[in-house]
1. Suppose we filter ILE70, ILE59 for residues that are of a type in the set (Val, Ile, Thr), assigned to a helix (DSSP H, G or I), out of contact with any strand residue (DSSP E or B) (no Cβ under 6 Å at 6 or more places or on another chain) and modelled with pLDDT under 95; which single one remains?
2. Within the set of pairs 6+ apart or on separate chains, which have a first residue in the stretch 50-61 that is in contact (Cβ under 8 Å) with a residue 40 or more places away in the chain, a second that is loosely packed, with under 10 Cβ neighbours inside 10 Å, and C-beta atoms under 9 Å apart?
3. Find the residue count for the stretch 1-50, including only residues that are more than 18 Å from the chain's Cα centre (by Cα), surrounded by fewer than 12 Cβ atoms within 10 Å (Cβ to Cβ) and in a helix (DSSP H, G or I).
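The values are calculated or read from the model by the stated rules, or taken from the named source; none is laboratory data. Everything numeric in this text was worked out from a predicted model, so none of it was measured. Don't worry about glycine lacking a Cβ; one is built from the backbone with ideal geometry, like all the others, and counts go over all protein chains shown.
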Amino acid sequence: MQTIEPLNTIPLQQFIQQVKAAENSRSKEVKLTIEQAKNLAFTIGIVMSRLEGDLEKLISNAKSGTDDVIQVQIGSNSSW
């Protein structure tokens with residue numbers, strides 16, 4: 001079984017906070033250093049790759065018919 005490393009979303013969180021701060025101060029722009037931009041780009045790439053992999057697994061499971069069946073029973077009688 002493949003071990004999936006936790007995603008480091010700190011660059012995404014930092015960018016979101018920076019945008020919120022800029023909006024609150026009514027700034028017209030947000031500036032990033034090249035290091036911040038690089039980290040943000042790499043993080044977005046990793047997140048998108050992970051999502052693509054998850055989507056492929058989901059599609060593969062749907063095609064192979066390995067969907068789980070969930071049965072829900074409400075109440076113990078059929079009076080309603």
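1. ILE59
2. Within 9 Å, the pairs are ARG50/ILE4.
3. Count: 6.
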